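Data block below; observations after.
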Amino acid sequence: MGHQYEYPHISLLESMKPTKRVLLGKRLFWTEKKDGENVTIWMNHNDYAPTSEPFIQISSRHMVDASPEIKKKVMESEDYPKIVQLINDNPNYVCYVEECRKGRSVTGIETYDRNYLFLFDILDKSTNTFFNYTFVYQQAFHYGISVVALYAETRHRTVKDLLKFANHVYEHCNSVRLEGMVIKAYCDSEFGEHGLLMTKVKIDVPKPKKIKIVEGEPIYPACPDSEIMGAISKVEADHGITGDPSHDMPLIAEYVKQACKEHLYSSPIKKLFAYYEEYKDARLDK
C-alpha cells in the first residue's frame, strides 16, 4: 500500500536504469546512508483522516500510518520534537528521516548510542520538488536535527571516472563501518522524480559474479545475512512484526525473494525462521 509522499525507490549504481550515463555532467552529492527505517513525517491536512484539525503524520515506507512500534521509536527520539517544530513552522515540508534505534543497527553494520532520526531529504508540497542537500543541512542545523553527512560533491565526464570514484567510496565505507552512500543530483530531469535523480552504493551488496557452467542455470552467491535482516525490517515497516509466524513468515519469505531477485542472490544458507527469531530477539525486545 503506497501513500502520497512515499519516498522514491533508490536503485543500486550497478543496475541503475536506464543507464548510469544520466549522472554524467551533473553536480552529485554523496551522502552517508544510515542503517535504519525509512520514515516520513509531515503535516496531514485531512488528506487521509476525517478530522477538522491538521496533525503530524508519521508514515513508513508503504503505509500512511506507520506501525505502533515504529511510531513509538520515532517519538522517543530527541530529534522528533525538533522535526515537529520544523514542520509546524513550515507546513509545506515533508521530512524524510532514517529512524535508527539505539544499539546494533538492522544489518549489524553500525551501532547507535541513542534513538536517532537522521534527516536526509525534504519535499516541498507547494512545488512537489525536493530541496537540495545544502538547504536540508541548513534546516537541520538551525533546528538542531541530526542529518546525514555529506562526504563529497563531484562531477564526472565519463562512466569510467564515476565508477572509479564509486570504488573509492566502497573502500571508505568499509574502513569506517558505514552501510554505503546515496548519490543525488537535484535537477530538472526526465529520469528524476520530483526533481531528484539518485542511486546508491552499499558495501553489503557485492558485485554478483555469474559462474557460467556448460549446462543448467548460472550460480549466484547466497543472500547475505545483512540483506535478510534488512528485508525483515522492511516487513516490520510495511506490515508490522506480530510475533505470529503464520502472519510474519510468508511476508518475510516474499521480501527476501524480492531482494534475491533484485541483487542476483541465491537462497539464504540458513532457514529464514532462524533469522526471524534472531530479529525478534535483537529488535523487538528493546
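Looking across ILE87, ILE58, ILE41, one residue alone is crowded, with 17+ Cβ neighbours inside 10 Å, assigned by TED's automatic domain parsing to the domain that holds VAL176 and touching a Cys at 6+ places or on another chain (Cβ under 6 Å). It is ILE41.
Considering (1) farther than 28 Å from ASP113 by Cα; (2) at pLDDT below 95, the lone condition that ARG177 does not fulfil carries the number (1). Taking the criterion of being hydrophobic (A, V, I, L, M, F, W, C) and touching a residue at least 60 places away in the same chain (Cβ under 8 Å), the only residue of the range 239-280 that qualifies is ILE241.
Looking only at residues in the range 183-224 that are surrounded by 16 or more Cβ atoms within 10 Å (Cβ to Cβ), among the aliphatic types (A, V, I, L, M) and assigned to a loop (DSSP other than H, G, I, E, B), the one that is modelled with the highest pLDDT is ILE203. Is the range 51-63 home to any residue that is among the aliphatic types (A, V, I, L, M), modelled with pLDDT of 95 or more and farther than 25 Å from ALA231 by Cα? No: the range 51-63 contains no residue that is among the aliphatic types (A, V, I, L, M), modelled with pLDDT of 95 or more and farther than 25 Å from ALA231 by Cα.
Out of THR154, THR158, one residue alone is among the polar types (S, T, N, Q), at pLDDT 95 or above and more than 18 Å from the chain's Cα centre (by Cα). It is THR154. One residue stands out in the range 145-181 among those that are among the small types (Gly, Ala, Ser) and part of a strand (DSSP E or B): the one that is farthest from PRO81 (Cα to Cα), namely ALA152. The set of residues from the range 106-124 being free of Cβ contacts under 8 Å to residues at least 60 places away in the same chain and among the charged types (D, E, K, R) comprises ASP113, ARG114, ASP124. Restricting the range 8-38 to residues that are of a type in the set (Ser, Thr, Tyr) and surrounded by fewer than 21 Cβ atoms within 10 Å (Cβ to Cβ) leaves a set whose member that is farthest from ILE70 (Cα to Cα) is THR19.
In the set LYS33, LYS26, only one residue is closer than 27 Å to ARG114 by Cα, charged (D, E, K, R) and in contact (Cβ under 8 Å) with a residue 24 or more places away in the chain; that residue is LYS33.
The values are calculated or read from the model by the stated rules, or taken from the named source; none is laboratory data. Because the structure is predicted, anything quoted here is derived from the model rather than measured. Quick reminder, even Gly has a Cβ in these numbers, built from the backbone with ideal geometry, and neighbours come from all protein chains shown.
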